[in-house]
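Asker: The structure that follows is given in the form of structure tokens.
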Amino acid sequence: RIELPFDETKIQDVENPALSARANALTLIVIGLAYDSIDKPEQSIAYYQKADELQGWLPNAGKEVVH
């Protein structure tokens, strides 16, 4: 269970840059799904877009999930 709105500053980073980008993307996608589950599509889309724009998340590293 997460409380919405979510404080993005609490997302922790990991040492591996590629893994960090994917982990942060997954976090943002899950938050977007949480907003979808409570019928808040504008907020969910904003989180999906943030995930898509993450620095270091390569197109061939699972980005099709957010698309």
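Asker: How far is helix 17-37 tilted off the main Cα axis of the chain, in degrees rounded to 10, range 0 to 90?
Answerer: Roughly 10 degrees, rounded to the nearest 10.
Asker: Can you give the net charge of the other residues whose Cβ lies under 12 Å from the Cβ of Val66, counting K and R as +1 and D and E as -1?
Answerer: 0
Asker: Could you work out Rg/(2.2 N^0.38 Å) for the chain, with Rg from alpha carbons only?
Answerer: 1.08
Asker: For the peptides 22-33, 53-64, what is the packing order when you average, over each peptide's residues, the other Cβ atoms within 10 Å and list the highest mean first?
Answerer: For the peptides 22-33, 53-64, the packing ranking is 22-33, 53-64.
FYI, it's all coordinate maths here, none of it is from the lab. Since the model is a prediction, treat every value here as computed from it, not as a measurement. Virtual Cβ from ideal backbone geometry, glycine too; neighbours counted across all protein chains shown.
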